[in-house]
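Undergrad: This structure is in structure tokens; I'll ask about it shortly.
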Protein chains: 2
Amino acid sequence: MKVIVLLSGGLDSVTALYHARENHDVIGTLSFDYGSKHNHCELPMAAYHSKKLDIPHIVLPLTFINDYFQSNLLKSGGEIPEGHYAAENMKQTVVPFRNGIMLSIAGGFAESHGAEGIVIGAHAGDHFIYADCREIFLAVMSAALREGTDTKVEILRPFVEMDKGAIVRRGAELGIDYSQTWSCYKGEELQCGVCGTCVERREAFQLAGIPDPTEYTEAED
Amino acid sequence: MKVIVLLSGGLDSVTALYHARENHDVIGTLSFDYGSKHNHCELPMAAYHSKKLDIPHIVLPLTFINDYFQSNLLKSGGEIPEGHYAAENMKQTVVPFRNGIMLSIAGGFAESHGAEGIVIGAHAGDHFIYADCREIFLAVMSAALREGTDTKVEILRPFVEMDKGAIVRRGAELGIDYSQTWSCYKGEELQCGVCGTCVERREAFQLAGIPDPTEYTEAED
């Protein structure tokens, strides 16, 4: 199947890209510059892996998200909270319906370029806070894309039953250099090690039993 | 209910705006500048009615559609075909998943601004060519928005069982000045009168039994 891979430059989507190449014809990777505090850190990682695999990489500007949406993940929003992902204050990092918007745009892009599927790296650990990462949402959104396109574009979600540890194990099998991935929401020179997504990143390597190649600003407790 | 109205500046969405004001608290209208040949003609109409009703109007730029999508409706595409809407060649005017993209963005915007619903003027006559105008698509897309947002944003589709004649009759009851609406896909000085959407516009007034205030380039056969 010809597919487009949604590629943020984080652990999950980079692994989804290498994984998708085993089973599909990946005709392109799509990233979005939507005004998050860490876009300038993660987009170069998306470019790095696309270039390494010789796959066309396109970055689409969604400036209106930073201009009009409410979220602390955005440059226009407040401080990134610290602590574990499941904590209530991490809700401040939700960008409303971000995955729905990205999947919709990818759907129109896919239909325009003859791709039949869109690959997203959503996983079983994303559910607590982010409504648009849950399998129930992704299943319905896939049905919407099928109904709303002539070519019946599908959303493929290969990691939806895996936790982040299993994703890193899969990535290690695929030979991925995880030092070239970015998670931290703060978007500073190094990944902070203490925001929700950094805490989750550290746990992923621990769960996988694989050394974490990341240089964090703050050492582990 | 607090709602956002999707407003292109055409017959259907302008009527949907005036209709929505009867039942809902319309907190804003949203238009999209996506690079169609007629955006520069229809967006001023959307601005006109928003201003007249004293409702904030926001135009979001979606430049990537013209840059990367395939459609003759776009500046980057070929000629607009002429003839009746149901004809096979009108398929060239499909912008892949356009409504899905607009509804998704409106969903995130709605959640960011405390709106619980999005109003779209899709109607029973849109089905033949445009997959993303059909009720089956809109129903599933509404379910996707409900699942993918914390506030469970809904898509309201008040005209989904009406034909375009019934919409114009409803608009006449609401006192809408239809000379201040734009349909023509060609985007020239006057509406052409012979492209698919102009043919449909003319039929709408005939079906409604209401004089058509539009000055077309080409007289009726």
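Undergrad: List, shortest first and in nm to one decimal, how far the label point of B:Leu190 (7 Å from Cα along Cα→Cβ) is from its counterparts in the other copies.
TA: 7.1
Undergrad: Any chance you could get the radius of gyration and Dmax over the Cα atoms of chain B, in Å?
TA: Expressed in Å, the Cα Rg and Dmax of chain B come to 16.3, 53.
Undergrad: Distances from B:Gly175 to the same position in the other copies: list them in nm, one decimal, shortest first, using label points 7 Å from Cα along Cα→Cβ.
TA: Those separations, rounded to one decimal, come out as 7.3 nm.
Undergrad: In chain A, what is the count of Lys pairs whose alpha carbons are under 15 Å apart, counting only pairs at least 8 residues apart or on separate chains?
TA: Counting lysine pairs in chain A gives 4.
Undergrad: Hey, another quick one. Would segment A:19-146 count as rounded, prolate or oblate if I go by the C-alpha gyration tensor, calling it rounded below 1.5 in a/c and otherwise prolate when a/b exceeds b/c, oblate otherwise?
TA: Cα axes put segment A:19-146 in the prolate bin.
Undergrad: To the nearest whole number, what is the average tally of beta carbon atoms from other chains within 10 Å of the beta carbons of peptide A:129-137? Kindly include the intermediate steps, with their values, before the conclusion.
TA: Working: counts 1, 2, 8, 9, 1, 2, 1, 4, 7.
Taking all residues of A:129-137 together, the mean is 4.
Undergrad: OK, next. Please arrange B:Ile167, B:Ile129, A:Ile136 by counting, for each residue, the other beta carbons lying within 10 Å of its beta carbon, fewest first. Could the numbers behind the result be given before it?
TA: Working: B:Ile167 25, B:Ile129 18, A:Ile136 13.
Starting with the residue having the fewest Cβ neighbours, the order is A:Ile136, B:Ile129, B:Ile167.
Undergrad: So for the protein assembly as shown: antiparallel DSSP bridges make up what percent, rounded to the nearest 5?
TA: 10 percent
Undergrad: Roughly how many nanometres apart are two label points built 7 Å out from the Cα toward the Cβ at B:Glu88 and B:Glu188?
TA: 2.7 nm
Undergrad: Which distances in nm, rounded to one decimal and ordered from shortest, link the label point of A:Asn23 to the equivalent label points in the other identical copies, with labels set 7 Å from Cα toward Cβ?
TA: Values, ascending and in nm: 4.3.
Undergrad: Rounded to the nearest 5, what % of the DSSP beta bridges within segment A:2-208 are antiparallel ones?
TA: Beta bridges within segment A:2-208, antiparallel portion: roughly 10 percent.
Undergrad: Run the dipole for the protein assembly as shown about the Cα centre, Lys and Arg Cβ at +1, Asp and Glu Cβ at -1, nothing else charged, and hand back the magnitude in debye, nearest 20.
TA: 40 debye
Undergrad: Could you tell me which of B:Asn23, B:His113, B:Thr93 has its Cα farthest along the dipole of segment B:1-147 towards the positive end, charges placed at Cβ (Lys, Arg +1; Asp, Glu -1), taken about the Cα centre?
TA: B:His113
Undergrad: Gaussian network model of chain B, Cα springs within a sub-10 Å range: biggest mean-square fluctuation belongs to which of B:Ile58, B:Ile80, B:Ile118?
TA: B:Ile58
Undergrad: Could I ask something else about it? What is the spin-label model distance, in nm, from B:Ile136 to A:Ser179 if the labels are put 7 Å beyond Cα along the C-beta direction?
TA: So the label points at B:Ile136 and A:Ser179 sit 5.3 nm apart.
Undergrad: If each residue's Cβ is checked for other Cβ atoms within 10 Å, how do B:Val199, A:Val160, A:Val168 rank with the fewest at the top?
TA: Ascending number of Cβ neighbours within 10 Å: A:Val160, B:Val199, A:Val168.
Undergrad: Could you line up A:Phe109, A:Phe64 from fewest to most neighbouring Cβ atoms inside 10 Å?
TA: Details: A:Phe109 25, A:Phe64 21.
If I rank by nearby Cβ atoms, fewest first, I get A:Phe64, A:Phe109.
Undergrad: Roughly how many Å is it from the Cα centre of segment B:177-221 to that of segment A:151-221, as a whole number?
TA: Each part reduced to its Cα centre gives a spacing of 55 Å.
Undergrad: Taking just the C-alpha trace of the protein assembly as shown, give me its Rg and Dmax in Å.
TA: 22.9, 81
Undergrad: Could you give the dipole magnitude of chain B about its Cα centre, charging the beta-carbon of Lys and Arg +1 and that of Asp and Glu -1, in debye to the nearest 20? Walk me through the intermediate numbers first.
TA: Values: 18 positive and 31 negative charges, 85 e Å.
With only Lys, Arg, Asp and Glu charged at Cβ, the dipole is about 400 debye.
Undergrad: Helix-only mean residue ellipticity at 222 nm, the protein assembly as shown, DSSP H runs n ≥ 4 weighted -39,500 (n - 2.57), per residue, nearest 500. What is it?
TA: Result for the protein assembly as shown: -12000 deg cm²/dmol, rounded to the nearest 500.
Undergrad: Within segment A:30-67, find all residues whose amide N lies under 14 Å from a label point positioned 7 Å from the Cα of A:Arg21 along Cα-to-beta-carbon.
TA: Within reach of a label on A:Arg21: A:46-57.
Undergrad: Turning to a different aspect of this structure: Using r as the Cβ-Cβ distance of B:Tyr216 and A:Ile210, and R0 as 45 Å, what FRET efficiency do you calculate, to the nearest 0.05? Please list the in-between numbers first.
TA: Working: r = 68 Å, r/R0 = 1.51.
Computed FRET efficiency for B:Tyr216 and A:Ile210 comes out at 0.10.
Read-outs: derived from the displayed coordinates by stated rules, not from any lab. Computed from a predicted model, the values in this text were never measured in an experiment. Note that each Cβ is placed from the backbone with ideal geometry, even for glycine, and that neighbours are counted across all protein chains shown.
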